[in-house]
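Below is one structure, written out as structure tokens; comments come after it.
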Amino acid sequence: MLENKTRTTMSVPEMAKLLGLKKTDSYWLVHKKCFETILVNGKMRIVLASFEDWYARQIKYRKMTGEEPGQILTQHSLSISEVSEMLQICESCVYDLLKREHIKTIMVDYWTRVSKESFYEWIAHQTRYRLPEGRARDQEAEEASYTLPEMGRVLGLNRRDAYALVRCHEDQLEFITIADRKRITKSSFERWYTSQHTYVKLSERKEIKPSSKSANPRIPLEEKSAYTVQDIAELLLLDDRDIYRMIDQQELHARQIGKQFRIMREDYLDWLHKNCPQAFTTNEER
């Protein structure tokens, strides 16, 4: 028992058994001079202190039983996967970030690791990327706001149209910035939404298929060349927003004059022929 407590070296086969290695792999580590060796009675032995120091500075090899490797290494550096999880970005993005921001890295057994000192110094001087605690801090503000693409999805708009809408109505919307991204507060979005009739949320849209059961579409008696949205809504017994939605999705052709839409008589009649042919029968009977 005393001998085990005081011994300072171990044989190469003992090291191989400890790490679960074959003879060739264990002697390869010795050949690489990963740890200090000495000769005792003509036999090579590994200095235990140097082995433990090497073991704490690498993560490739693990003992079959005992503590995890890299105890010293992990105190001073991070793996690529750890940085990826912390910043919520893919690993390829981490490599691009390290190169672009000149964050110090080290190579350990052909694996890239990130200097903790360099990483935390960089993250303290930027605002785009956040650690988990930063995301937790911003969670309430994020839940009370939309990114511009998110707002577009609420209205069924593509990215380009969403940005165009914001540019036209930015005086009615309230903006905040989180992680260098402009966001629209949900409260200001709702105020703007209720003040207009052009856009309809996807959640509020319904299939517009007027029929003898669901509506009573009519042919306009007054033969104007063009009709307003309100005129068409009255003819179809629908809400103005339904007509705007039909125009937005190009179900009904309309011409925009300034901020107003005009539906030509021939376009409305063409829509009726395609969607509600019974309207012509009904009007003939009348």
For a quick check of your reading of the model, give me the residue pairs whose first member lies in segment 232-251 and is farther than 10 Å from Val200 by Cβ and in contact (Cβ under 8 Å) with a residue 40 or more places away in the chain, whose second is among the β-branched types (Val, Ile, Thr) and in a loop (DSSP other than H, G, I, E, B), with beta-carbon atoms closer than 9 Å and at least 6 apart or on different chains.
Glu251/Ile208
Flagged in segment 80-90 as in a helix (DSSP H, G or I), out of contact with any Leu (no Cβ under 9 Å at 6 or more places or on another chain) and not small (Gly, Ala, Ser), in numbering order, are Glu82, Glu85
Looking only at residues that are part of a loop (DSSP other than H, G, I, E, B) and not hydrophobic (A, V, I, L, M, F, W, C) in segment 238-252, which one is modelled with the highest pLDDT?
Glu251
Odd one out for Arg137 among (1) free of Cβ contacts under 8 Å to residues at least 40 places away in the same chain; (2) more than 30 Å from Glu174 (Cβ to Cβ):
(2)
Considering residues that are among the acidic types (Asp, Glu) and either within 30 Å of Trp54 (Cβ to Cβ) or in contact with a Gly (Cβ under 7 Å, 6 or more places away or on another chain) (or both), the number found within segment 115-133 is 2
Pick from segment 80-114, criterion in contact (Cβ under 8 Å) with a residue 40 or more places away in the chain and within 29 Å of Phe51 (Cβ to Cβ), ranking: nearest to the chain's Cα centre (by Cα)
Arg113
Considering only residues of segment 140-167 that are among the polar types (S, T, N, Q) and in contact (Cβ under 8 Å) with a residue 12 or more places away in the chain, which is surrounded by the most Cβ atoms within 10 Å (Cβ to Cβ)?
Ser145
For segment 22-79, which positions are in a helix (DSSP H, G or I), touching a residue at least 40 places away in the same chain (Cβ under 8 Å), surrounded by 15 or more Cβ atoms within 10 Å (Cβ to Cβ) and within 40 Å of the chain's Cα centre (by Cα)?
Leu73
Which one of Ser26, Ser50 is of a type in the set (Gly, Ala, Ser), in the same structural domain as Val12 (by TED's automatic domain parsing) and out of contact with any helix residue (DSSP H, G or I) (no Cβ under 7 Å at 6 or more places or on another chain)?
Ser50
Residue in segment 175-184 that is outside any helix (DSSP H, G or I), under 30 Å from Leu269 (Cα atoms) and at pLDDT below 95 present
no
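The values are calculated or read from the model by the stated rules, or taken from the named source; none is laboratory data. No experiment lies behind these values; they were computed from the predicted model shown. Cβ sites come from the backbone with ideal geometry, for glycine too, and all protein chains shown count toward neighbours.
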